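This report refers to the structure that appears directly beneath it.
The values are calculated or read from the model by the stated rules, or taken from the named source; none is laboratory data. Since this is a predicted model, take the numbers as computed values, not measurements. For neighbour counting, all protein chains shown are included, and Cβ atoms are generated from backbone atoms with ideal geometry for every residue, glycine included. SASA here: full protein model, heavy atoms, side chains in, ligands and nucleic acids out. Shrake-Rupley method; radii C 1.70, N 1.55, O 1.52, S 1.80 Å.
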Amino acid sequence: MCSSPRRRVQVEGAIAGQVDLRTIRPLDYSDRRIVANVRGTYSDLAADIEDADPYGYIASFSYIDQFMDGKLGVAIGYSGRRQAVATARTNVFRYTNSFADLNGDGTGNDEIPFGYEALVRGGDDIRDGGLATVQYEPTDNISINADIFYSKVSYDETQRGFRLEDLPFGNTFSNATVQNGGVTGLTATKAADFGLQLRNVNELFEFTDELWAGGVNGEYRGDRWTLKGDVAYSTTERDQRFITVRTEVHDIVGGVPVERQSGVTGTFNTTPGSAADYAFNVDLTNPAINLVSEFQIPENGGGAPLINDELVSGNVDFEHELDGFFTAVQVGARVTDRSKDYTQRTQFGFVDPAARRPIPANLLNAPVRFPGDFSNVPSTLSFDILGVIDAFFGDINPTTSDFDRRSSWVVDEKTTAGYANVDFDTALFGRALTGNLGVRVIKTETTSSSTRVDQGAQTGGAVVLTPVSFTNEFTDTLPTLNLNWQIAEGQQIRLAASKGISRPPLDDLNAGFGVFVFGAPQAFGGNPELEPFRANQFDLTYERYFGPDTAFTISGFYKDLETYIVPQITEIIVDVNGTPTAGTFRQPVNGTGGYIQGFEVLYQQAFTFLPAPFDGLGVYANYSYTDSDISVAENDNAIGNIPLPGLSEHVGNLSFYYYKNGFEARIAGRYRSEFATELGDTDRILFNEAETVVDFQTSYTFPDNSSLSGVELLFQANNLTDEPFETYYGDTARQGRYETFGRRFFLGATYRFGG
């Protein structure tokens, strides 16, 4: 929320870390202050993508002033940006058993991808936000603050390329390359009407997101005590839709289009660290044979949901200063009431095969040509997506179908917390020892309502809808202890021990699920009975400060996880014609037990001891190592258990900088080792490959005695090495996605006046 008093007890809801955002307080400044900033942006990859404008902007403005002899302060601000959406990718879909020896090495049951795709993305990401704050201090002991924040995001993205599916079925294979039992290269020829499906795809993803947030807080400072109160409200509305228009390869027989049932050939080869290579025996840019067959707003692409999220919160805090060992005591309470609803909508349209026709010339764009690293990807057909829908299908009007009801839900979450904390100040072996000891008790109540959808053998093929609603309630007691021991001049040891929680995302609490019995029962849904991550946490840090710009710290941490949340396949029992039948249910679940432990080292050095001009040089470096004994059963890729999703073993940052006489330059690199994702973009668990991202920034601030005093010039370059995003299926040879985002460049100026 926007509103925040000057001192705040940390709110529960995070384990690894927490960000405390606070709005500006205009009376913290003694004079009027005006800051204006504008930057032009350029994306080098967007220059090669049809639907992307490589040029954009970032702009901001803030005004802070004081009135009534410094008793009333006002701040207003605006921030906006427009930047290109621009990426290119190849993507290999999940692996499945081919039940064949595809490379003839005598080992059968080689695993083969379900298909593959190549897409370029282009479009606009436009964001605007505004903030207004009023602060009133009529006396030295009364402070009242009110603020309001508005944000709007408009996102408009196209995806154009091709998609090949049903690779394992109805095809003949040749030139197979198999590594560790998985096919990494293959030529497939369609031999039956249910064989590979090769399509041009032109897709549109749009959403608008509007957020209003506001709050009022007050503070009364007595002689040795302070009373604070805060109320806040926020609401977010999102309107989203994902549209895909597909073409199929056709022949014209006697003037009538006929979908090609055999003879289409596709070849793919993947190599870790580079985009996949693709080739086909048909021209995907020829509108005479690539005829529009259907358009969809499908759930598995995101659909067209309407999303509303509303939160009301309030808290009160009391603090009293003490004498002696204990220096202060704080007590308080906080309540929240949050409600989020998600209404899924979909739409489908088909063209009868005999009525299919070429796309009119006035709706065609230039063919998609894949940039840079994707030179071995064939060009594909591109067209006016909304124009084709209007010409071939009519109006866009998504609705909530029976199947969408399992993905439509309402979740209410209420929390009530009470807390107490004492600060203390003493000495240990003649050195200052300060800290605090506290406890927080938090009660969480959730209600989730949705629909169970059944179809298949257990219903005679009919779709049966059953409303479902679940409630869950849990109470957590969260003690905390923090110690800070000044062991010597410029040296201290910090110790922290606490219990923390991190609640599940409301989307995971969806009570809806679908049960489908076409063979073995399968079910998909959320889990309204999820409980949070819970961890007992211990941190020990040694800090050494050699000067204002030089420091060395080393810290160790240990988190004993009582519970955590992972995606999993569990068992479900379905009544099929009177017979209880076991099936699979894919949903998030709570795991129990295990630890996360590690250490972090940080070093920062300003080389002020060097002779000029080298005395402006400096370095900043940190490295963290994380280890865990938690593993998660992985049922999709036959690779056994996997590490806790999202956990990288190695993370590091290294930057070199130069700062002198208003000139600053910095080059920085950040590294993260591979980690398991929660769910891949093909509904299968994937691993993110390790990545290293390098950025550069330089600026110059004119001196106070200059006619350009208050002006700062800036140049920035992000992702200098064009680091790709890459995923794989357990074995690094089984590449999933390879995607590049290009480099982004920023050039601009900031003007500061007063304050």
**Request:** Please work out the Kirkwood hydrodynamic radius for the chain, using every pair of different C-alpha atoms, and report it in angstroms with one decimal place.
**Result:** 30.1
**Fill in**
Measure of exposure for Lys228: accessible area at 1.4 Å probe, Å² rounded to 10, is 20
**Item:** Binned Cα-Cα distance frequencies in the range 234-300 - 5 Å width, integer %
**Value:** 4, 12, 15, 15, 14, 16, 10, 6, 4, 3, 2, 0, 0
**Prompt:** What size of dipole, in debye to the nearest 20, comes out for the chain about its Cα centre when the only charges are +1 on Lys and Arg C-beta atoms and -1 on Asp and Glu C-beta atoms?
**Reply:** 920
**Message:** Based on the alpha carbons, how large is the Rg to Rh ratio for the range 523-568 when Rh follows Kirkwood?
**Reply:** 1.33
**Complete:** Computed ³J(HN,Hα) along the range 270-286: with the Karplus parameters 6.51/-1.76/1.60, θ = phi - 60°, integer Hz and x for glycine or proline, the list is 10, 9, x, x, 8, 5, 5, 9, 10, 8, 9, 9, 10, 8, 7, 9, 8
**Message:** As a test of understanding, state the convex hull volume per residue of the range 15-89 from its alpha carbons, in Å³.
**Reply:** 138
**Value of relative contact order over the range 441-494, rounded to a whole percent, pairs C-alpha under 8 Å and six or more apart** = 35
**Prompt:** In square nanometres, what is one fourth of the surface area of the convex hull spanned by the alpha carbons of the range 473-618?
**Reply:** 14.6
**Complete:** Taking the range 312-421, the equivalent ellipsoid from its C-alpha gyration tensor has semi-axes in Å, biggest first, of 60, 24, 11
**Cα pair count fraction exceeding 19 Å, expressed as % - the range 543-622** = 67
**Prompt:** How much of the accessible area of the chain, in percent, comes from carbon and sulfur atoms when a 1.4 Å probe is used?
**Reply:** 55
**Complete:** Averaging 1/r across every pair of distinct alpha carbons in the range 273-340 and inverting yields a Kirkwood hydrodynamic radius, in angstrom, of 20.1
**Message:** Eigenvalues of the Cα gyration tensor times 5, then square-rooted: what semi-axes does that give for the range 691-755, in whole angstrom, largest first?
**Reply:** 42, 9, 8
**Request:** Please report, largest first and rounded to whole Å, the three semi-axes of the ellipsoid equivalent to the range 71-200, where each semi-axis is the square root of five times an eigenvalue of the C-alpha gyration tensor.
**Result:** 60, 18, 11
**Prompt:** Taking the inverse of the average 1/r across all pairs of different Cα atoms in the range 129-231, what Kirkwood radius in Å do you get?
**Reply:** 20.4
**Request:** Please work out how much length the chain gains when fully extended from Tyr625 to Ala497, using 0.36 nm per residue of separation minus the C-alpha to C-alpha distance, in nm with one decimal.
**Result:** 44.1 nm
**Item:** Calculated FRET value between Thr477 and Ala361, using beta carbons and R₀ = 60 Å, to 0.05
**Value:** 0.30
**chymotrypsin sites (Phe, Trp or Tyr not before Pro) restricted to the range 504-554 and DSSP loop, no more than 12 other C-beta within 10 Å** = Phe518
**Item:** Alpha-carbon spread of the range 118-187, three principal axes, descending order, Å
**Value:** 84, 29, 17
**Message:** Can you give me the Rg/Rh ratio for the range 168-217, using Cα atoms for both radii and the Kirkwood formula for Rh?
**Reply:** 1.48
**Complete:** Mean shadow area (nm²) of the C-alpha convex hull around the range 370-462 is 18.9
**Item:** Taking N as its residue count, the alpha carbon Rg of the range 427-484 over 2.2 N^0.38 Å
**Value:** 2.50
**Asked** Under a 5 Å amide H to amide H cut-off, with H placed in plane at 1.01 Å, what residues pair with Thr184 once short-range neighbours are removed?
**Response** Thr177, Val178, Gln179
**Message:** For a Förster distance of 56 Å, can you work out the FRET efficiency between the beta-carbons of Asp549 and Lys152, rounded to the nearest 0.05?
**Reply:** 0.90
**Prompt:** For the range 196-326, what are the per-bin percents of Cα-Cα distances with bins 10 Å wide, up to the bin holding the maximum?
**Reply:** 9, 19, 18, 14, 11, 10, 9, 7, 3, 1
**Request:** State the extension gain, in nm to one decimal, for the chain segment bounded by Ala668 and Asn97, taking 0.36 nm per residue of separation less the distance between their alpha-carbons.
**Result:** 201.1 nm
**Message:** Going by average Cβ density within 10 Å per residue, which order do the peptides 686-692, 491-497 take, highest to lowest?
**Reply:** 686-692, 491-497
**Fill in**
Packing-ranked peptide list from 700-706, 217-223, highest mean Cβ count within 10 angstrom first, is 217-223, 700-706
**Message:** Just want the answer: with Cβ charges of +1 for Lys and Arg and -1 for Asp and Glu, which residue in Phe370, Gly301, Gln330 is farthest toward the dipole's positive end in the range 291-380?
**Reply:** Phe370
**Request:** Quick one: dipole size for the range 207-289, taken about the Cα centre, charges +1 on Lys/Arg Cβ and -1 on Asp/Glu Cβ, in debye to the nearest 20.
**Result:** 280
**Request:** Give, to the nearest whole percent, the P(r) tail of the range 243-385 beyond 22 angstrom, counting all Cα pairs.
**Result:** 65
